[in-house]
Structure formats: C-alpha cells, structure tokens
Amino acid sequence: MAPSAFLFIVWVLVRCASGSFPLAQNVTWKSTNFKTLLSWQPEPSSDYSYTVEFSAIGQNKQKSPHCIHSSETVCDLTSYLTDLNACYTADVLSGPPRGGTSDLIEFPHTPSPRFCPYRDTEIGRLDFELIRNEDKTSTTLQVTDPLTAVFKDGRQLSIRDIFTDQLQYKVTYWRNQSTGKKVLQSKNSNITLTDLDRGESYCFIIQALIADRSLDNQLGEMSQTKCSKNEKPSIFQVFSLGVIAAGVLLLLLLVGTVVGITLVCYRHRKKALRRQKGLPLQKI
C-alpha cells in the first residue's frame with residue numbers, strides 16, 4: 001500500500017474516532033449601554049462544548065476564562081472590550097466538553113460579525129421629569145442620562161461621559177388625545193418647551209441621539225410616555241382684578257337694562273288689556 005494512501009486511511013480513522021462537533025449558528029452581538037454579550041445557537045449536548053476567541057481588528061486573539069469549554073450559548077465580553085472606538089470580531093469554536101479530549105488539530109468555528117462598541121451599542125431608555133412652570137406657559141423636561149457598563153477610575157460612566165457633545169436628545173410631543181405630533185432636537189438635558197397651549201395636557205417621548213453615528217443607528221430606545229396634567233387656569237390667572245371688576249359691572253348693567261325693558265313692556269301690555277275691557281286704569 002502506498003504511504004499516501006495509508007496516511008489518508010489513518011486520517012479518516014482518527015477523524016471518525018474523534019467525532020465531528022456541530023458548528024455554532026446565528027452568532028450575534030447584543031450590546032446596550034456598552035454591556036456586550038456574544039450569543040449563538042444551539043445549546044450543546046453533553047458530547048461537546050463551546051469556546052470563544054475574540055480580538056480587536058489587527059490584534060492577537062484572546063479568550064475569556066468564563067467562555068472556555070462552556071455549555072452556555074452566551075459569553076459576556078463587556079470587561080474585555082475596553083477600547084470603545086476599536087472594532088472586534090469573535091469566533092465560537094466547537095470542541096470536546098470540559099475534561100474531554102479530541103485529536104482534531106483545528107476545531108470547527110463560526111465567526112461573528114464585526115462589532116464596534118462606540119458605533120454599534122444600543123442606547124437604552126432615558127428617564128425624565130416633567131416640570132410645569134408656575135405661569136403654565138412652558139414645560140421643562142429634565143433628562144437623566146443612563147449609566148453604562150463602563151468604569152473609569154472607579155466611577156461608572158454615563159452615556160454623556162462617553163459621547164460628550166455628540167449626545168443630543170430627540171423630543172416628540174403632542175397635545176393629549178391629538179394625533180398631530182411635533183419634534184424638537186436639543187443638546188441640553190434641561191429642555192424647555194414654550195409653544196404649548198396654556199393649561200392643556202401634553203405628552204412627551206425622549207430618545208438619545210448620537211450625532212456622529214450613521215443615520216440608521218443614531219437613535220436610542222424610546223422613553224416611557226409621560227403626560228402633563230390638564231390645568232386650565234382660573235379666571236384670576238387669566239384676567240386682572242380691574243378687568244374682572246369691569247366685567248362684573250357690565251354684567252350688572254346688562255341685567256338692569258333687561259329688567260327695565262321687561263318692566264316697561266309689562267306696563268304697556270297691562271294698559272292695553274284694560275283699554276280693551278273698558279276698565280279704569282290703576283296705578284301700579
């Protein structure tokens with residue numbers, strides 16, 4: 001038997017003995033506020049496990065200790081993706097379970113898409129407080145920037161700390177129970193709206209907007225809808241005391257005029273009825 005044929009038979013036997021490990025599928029990144037997970041399918045049987053290798057583009061591959069010979073289908077890489085402006089790729093390798101062995105030199109592996117934290121992480125839901133000014137002519141929205149999974153010098157950073165002046169806010173608002181909506185964009189986390197009808201209830205939604213991202217990836221998750229109260233102003237807030245007094249006087253004059261006209265008409269009608277009956281007139 002030729003040496004090459006013999007080596008081929010040996011390779012086939014080793015391959016069959018060591019078994020074939022299923023490839024990981026649907027390898028995807030999921031990242032919100034820089035909390036970044038790599039996930040895939042399917043869940044492994046007891047016959048094999050997964051190992052994750054990752055690296056920044058152009059750098060050496062490394063492994064997370066928690067994602068070696070793992071039976072999980074998710075790997076938290078948050079603490080390893082420290083350069084937020086870099087782009088990363090990962091490979092999910094299929095191999096023997098923990099403690100097992102294999103004669104394979106290269107294990108089946110599935111690559112991930114490219115992931116760039118600064119550009120690709122989703123921005124989570126913002127929270128904000130509604131403050132109605134005393135004169136009821138304007139409303140201020142005070143936005144609280146969410147914290148991220150990034151720490152620096154022992155301090156947890158907010159999205160404002162990372163995106164700085166590239167972070168803006170998109171405000172969508174409308175009169176309660178109305179379909180017409182308006183949109184406002186602001187760089188300030190204290191947003192004052194002055195084009196609101198006095199006393200009417202308005203509803204608001206806020207989204208983070210990252211100005212230097214691509215258009216299809218600029219907006220964060222929509223906030224919870226919040227609506228102001230319907231506060232119709234009292235007459236004393238709308239008109240001065242002088243105007244109110246003049247209005248009351250005018251109303252009294254109008255009532256007096258109506259009463260006077262009614263009384264005159266009543267006298268004339270009574271006189272006419274008595275003339276028709278031939279009765280002597282009496283003073284009222």
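Quick look at the numbers
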| quantity | calculated |
| --- | --- |
| Residue ID - farthest from residue 194 (Cα to Cα), chosen from residues in segment 138-183 that are surrounded by 15 or more Cβ atoms within 10 Å (Cβ to Cβ) and acidic (Asp, Glu) | 161 |
| Only one of 250, 273 that is at negative phi and at pLDDT below 75 | 273 |
| Odd one out for residue 75 among (1) surrounded by 11 or more Cβ atoms within 10 Å (Cβ to Cβ); (2) modelled with pLDDT under 95 | (2) |
| Condition check for residue 137: polar (S, T, N, Q) and modelled with pLDDT of 95 or more | no |
| Which listed residue is charged (D, E, K, R), without any contact (Cβ under 8 Å) to a residue 24 or more places away in the chain and not assigned by TED's automatic domain parsing to the domain that holds residue 190, from 72, 134 | 72 |
| Residue match in segment 165-174 (condition: touching a strand residue (DSSP E or B) at 6+ places or on another chain (Cβ under 9 Å) and farther than 24 Å from residue 131 by Cβ) | yes |
| Selected residue (criterion: farthest from residue 144 (Cα to Cα)) from residues of segment 216-231 that are part of a loop (DSSP other than H, G, I, E, B) and modelled with pLDDT of 95 or more | 218 |
| Within segment 37-69, considering residues that are of a type in the set (S, T, N, Q) and touching a Lys or Arg at 6+ places or on another chain (Cβ under 8 Å), the one farthest from residue 149 (Cα to Cα) | 49 |
| Filter result (surrounded by fewer than 17 Cβ atoms within 10 Å (Cβ to Cβ) and of a type in the set (D, E, K, R)) within segment 78-91 | 83 |
| Within segment 67-91, considering residues that are outside any loop (DSSP other than H, G, I, E, B) and not polar (S, T, N, Q), the one nearest to the chain's Cα centre (by Cα) | 76 |
| Residue match in segment 205-215 (condition: part of a loop (DSSP other than H, G, I, E, B), in contact (Cβ under 8 Å) with a residue 60 or more places away in the chain and within 30 Å of residue 84 (Cα to Cα)) | yes |
| Matching residues, segment 92-128, being buried (at least 19 other Cβ atoms within 10 Å of the Cβ) and within 36 Å of the chain's Cα centre (by Cα) | 92, 93, 109, 112, 115, 117, 121, 123, 126, 128 |
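The values are calculated or read from the model by the stated rules, or taken from the named source; none is laboratory data. For clarity, every value in this text was computed on a predicted model and none was experimentally measured. FYI the Cβ positions are ideal-geometry reconstructions off the backbone, even for glycines, and counts take in every protein chain you see.
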